[in-house]
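Accompanying notes for the structure given below.
The values are calculated or read from the model by the stated rules, or taken from the named source; none is laboratory data. The structure displayed is predicted, hence computed values, not measured ones. Here the Cβ positions follow ideal geometry from the backbone for every residue, glycine too, while neighbour counts run over all protein chains shown. In case anyone asks, the SASA skips ligands and DNA or RNA and just uses the protein heavy atoms, side chains included. Shrake-Rupley method; radii C 1.70, N 1.55, O 1.52, S 1.80 Å.
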Amino acid sequence: MDPVRAQQLAAELEVDMMADMYNRMTQACHRKCVPPHYKEPELSKGESVCLDRCVAKYLEVHERMGKKLTELSLQDEELLKRVQQGSG
């Protein structure tokens, strides 16, 4: 595969993943923090605080998971190199 095309596909995949994460976060935090029957047109202070905390936690967990997955991927690559060197 052409390296430029591979980069384009990787960028498209990243955009899709970020959009999915944003949609999941929006749905989860809305469901958790905003009652299904709106009483006022604006968010209450409690709803706003809940949403801020929910989004912060969601993003923190997403960042931690990304770092851990990257770490595991690097370990897998290193292990694969060792295996290939041992059999080669």
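Would you list Met1, Met18 from the most to the least accessible area, probe 1.4 Å? Present the calculation step by step, with values, prior to reporting the outcome.
On the way: Met1 170, Met18 95 Å².
Sorted descending by solvent-accessible area, the residues read Met1, Met18.
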**Asked** Using a cut-off of 22 Å between alpha-carbon atoms, which lysines can reach Lys67, once sequence neighbours fewer than 8 places away in the same chain are excluded?
**Response** Lys57, Lys81
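Over every pair of different alpha-carbon atoms in the chain, take the mean of 1/r and invert it; report that Kirkwood radius in Å.
Values: mean 1/r = 0.0602 Å⁻¹.
This gives a value of 16.6 Å.
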**Request:** Using a Förster distance of 25 angstrom, determine the FRET efficiency expected from the C-beta separation of Glu12 and Glu71, and round it to 0.05.
**Result:** 0.50
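Are there trypsin sites (Lys or Arg not before Pro) in region 1-76 that DSSP puts in a loop and that have at most 15 other Cβ atoms within 10 Å, and which ones? Write down the numbers at each step before the final one.
On the way: sites: Arg5, Arg24, Arg31, Lys32, Lys39, Lys45, Arg53, Lys57, Arg64, Lys67, Lys68; in loops: Lys39.
Those that pass, being in a loop and sparsely packed, are Lys39.
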**Degrees between helix 45-87 axis and first principal axis of the chain (Cα, 0 to 90, nearest 10)** = 10 degrees
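Can you pull out the GluC sites (Glu not before Pro) in region 1-68 whose DSSP state is coil and whose Cβ has at most 12 other Cβ atoms within 10 Å?
Within region 1-68, the qualifying GluC sites (Glu not before Pro) (loop, at most 12 other Cβ atoms within 10 Å) are Glu42.
For the chain, give the percent of accessible area contributed by carbon and sulfur heavy atoms, probe 1.4 Å, rounded to a whole number. Walk me through the intermediate numbers first.
Numbers: 4620 of 7950 Å².
Result for the chain: 58 percent of the exposed heavy-atom area is carbon or sulfur.
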**Item:** Per-residue ³J(HN,Hα) for region 22-28, Karplus 6.51 cos²θ - 1.76 cosθ + 1.60, θ = phi - 60°, Hz, x for Gly and Pro
**Value:** 4, 5, 5, 4, 4, 5, 5
